[in-house]
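Asker: Dropping the structure in here first, questions after.
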């Protein structure tokens, strides 16, 4: 395997940025990171060769030049791997300029924008007859009131897109009454920049949330593909995977491959579904045209994951996919500790179930014997944040001194 081509991980602020460094670094590939925070776990990895400050998000010409300058400092044309929606949109929008210093899949910019928008993703799913929860996209309070005339609760409220908006919106909320919905809408929506959608809530357990991770070449052929499901989430019941399991789901796999072929998708894909027992269908919830937070759950017995598949394809090397280990588990240590505690408080997780759930965990997000510093840094920050919140809470609970 030729490992001489370097890699730049763009916005490696979260644990999947660290996962990329470890996956590729263990092969001997030279790795660099561009991070918007000095506390990104990837920056403490032994596999991080070059560290660059970078705050991509405004989609300016200055940002393009900043990234090109990083490429020149690396000294050789590198593979660029964005890890966030704003990053993948930025790369797609400025692909012609960035190709001077970087290699990446030739993605259609309009398609990338569509997949990063919940509204356009919904329209694409409907167009290609892929099951998806029903949704409405109100542009005003009047639209919300009309929607409520025929609404069935609970309702999921979430942003249409998380990039390019000045609003700081919660990722999602489950609402149970008309009053709760209208109050929430009034509190967070910006009438001049509508960015909220109202989605049918699909009932079920965390285990009903399925994922597909794959890599598609220039002909939209899936060179590697994996399926799995969530066991626990953070935040609980509606967040990212804190504990996941790799399991074969032929329906999800076939549906995803056909969908991506139809829209001519290229590159790494992370897509989520929820099984709806009411009509026995898997319904697409999110499509991320980039590497996903859970990608290291999906590793075959040859060590292949989507990051390695991207590297091999971009460097013109053959991809040899192995068997997918059914039952492989992966967890995010601090997320799952907090998640498990709340599931226990809700009466949905016993001590015996919690201990048993870690059987077959093959990898964790932060702990690695060959790369210990990211775990130390992460838990140091977690403890610091916990102590700070405790201090703030104690100050807020102090009785006011009587003035005389």
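Asker: Give the residues of region 313-370 that are in contact (Cβ under 8 Å) with a residue 40 or more places away in the chain, over 20 Å from the mean Cα position of the chain (by Cα), over 30 Å from residue 224 (Cα atoms) and not in a loop (DSSP other than H, G, I, E, B), sorted by residue number.
Answerer: The answer is 340, 342, 343.
Asker: Let me ask something else. Residues being more than 20 Å from the chain's Cα centre (by Cα), assigned to a loop (DSSP other than H, G, I, E, B) and surrounded by 15 or more Cβ atoms within 10 Å (Cβ to Cβ): count how many of those fall in region 173-214.
Answerer: 4
Asker: Looking at 286, 270, 301, 279 in this structure, which one is outside any loop (DSSP other than H, G, I, E, B) and more than 12 Å from residue 228 (Cα to Cα)?
Answerer: Numbers: 270 fails: more than 12 Å from residue 228 (Cα to Cα); 301 fails: outside any loop (DSSP other than H, G, I, E, B); 279 fails: outside any loop (DSSP other than H, G, I, E, B).
Only one candidate qualifies: 286.
Asker: Shifting gears a bit: Among what's in region 134-146 and is in a loop (DSSP other than H, G, I, E, B) and surrounded by 15 or more Cβ atoms within 10 Å (Cβ to Cβ), pick the residue that is nearest to the chain's Cα centre (by Cα).
Answerer: Here is the first cut: in region 134-146, the residues in a loop (DSSP other than H, G, I, E, B) are 134, 137-140.
In the following step, the residues that additionally are surrounded by 15 or more Cβ atoms within 10 Å (Cβ to Cβ) were identified as 137-138.
Working: 137: 23, 138: 25 Å.
Ranking the qualifying residues of region 134-146, first place goes to 137.
Asker: While we're on this one: Which of the numbered conditions does residue 131 fail, given that it passes all the others? Conditions: (1) part of a loop (DSSP other than H, G, I, E, B); (2) surrounded by 22 or more Cβ atoms within 10 Å (Cβ to Cβ).
Answerer: Every condition holds for residue 131 apart from (2).
Asker: Return the total of residues in region 4-26 being surrounded by fewer than 16 Cβ atoms within 10 Å (Cβ to Cβ) and more than 18 Å from residue 299 (Cβ to Cβ). Steps first, please.
Answerer: Here is the first cut: in region 4-26, the residues surrounded by fewer than 16 Cβ atoms within 10 Å (Cβ to Cβ) are 4, 26.
Restricting the remaining residues to those that are more than 18 Å from residue 299 (Cβ to Cβ) gives 4.
Final tally of qualifying residues: 1.
Asker: Here's something else I'd like to know. Out of everything in region 215-224 that is surrounded by fewer than 23 Cβ atoms within 10 Å (Cβ to Cβ) and in contact with a strand residue (DSSP E or B) (Cβ under 7 Å, 6 or more places away or on another chain), what residue ends up being nearest to residue 267 (Cα to Cα)? Outline the logic, then answer.
Answerer: Quick first cut of region 215-224, residues surrounded by fewer than 23 Cβ atoms within 10 Å (Cβ to Cβ) only: 217-223.
Still in the running and in contact with a strand residue (DSSP E or B) (Cβ under 7 Å, 6 or more places away or on another chain): 217, 222-223.
Values: 217: 6, 222: 9, 223: 10 Å.
Step by step, filter region 215-224, then rank; the result is 217.
Asker: Okay, next question. Determine which single condition residue 22 fails, assuming it passes every other condition in (1) part of a strand (DSSP E or B); (2) under 23 Å from residue 331 (Cβ atoms).
Answerer: (1)
Asker: With respect to the numbered conditions (1) modelled with pLDDT of 95 or more; (2) buried (at least 18 other Cβ atoms within 10 Å of the Cβ), which one is the sole condition not fulfilled by residue 236?
Answerer: With respect to (1) modelled with pLDDT of 95 or more; (2) buried (at least 18 other Cβ atoms within 10 Å of the Cβ), residue 236 is out only on (1).
Asker: Please enumerate the residues belonging to region 215-236 that are in a strand (DSSP E or B) and within 30 Å of residue 337 (Cβ to Cβ). Before the answer, list the steps.
Answerer: To start, the set of residues in region 215-236 that are in a strand (DSSP E or B) comprises 215-216, 222-234.
The answer is 226, 227, 228, 229, 230, 231, 232, 233, 234.
The rows are residues; the columns are (1) surrounded by fewer than 16 Cβ atoms within 10 Å (Cβ to Cβ); (2) in contact with a strand residue (DSSP E or B) (Cβ under 7 Å, 6 or more places away or on another chain); (3) not assigned by TED's automatic domain parsing to the domain that holds residue 315.
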| position | (1), (2), (3) |
| --- | --- |
| 28 | yes, no, yes |
| 31 | no, yes, yes |
| 41 | no, no, yes |
| 52 | no, yes, yes |
| 55 | yes, no, yes |
| 62 | yes, no, yes |
| 75 | yes, no, yes |
| 78 | no, yes, yes |
| 83 | no, yes, yes |
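The values are calculated or read from the model by the stated rules, or taken from the named source; none is laboratory data. The structure presented is a predicted model; accordingly, all values stated were derived computationally and were not measured. Here Cβ is always computed from backbone atoms with ideal geometry, including for glycine, and neighbour counts include all displayed protein chains.
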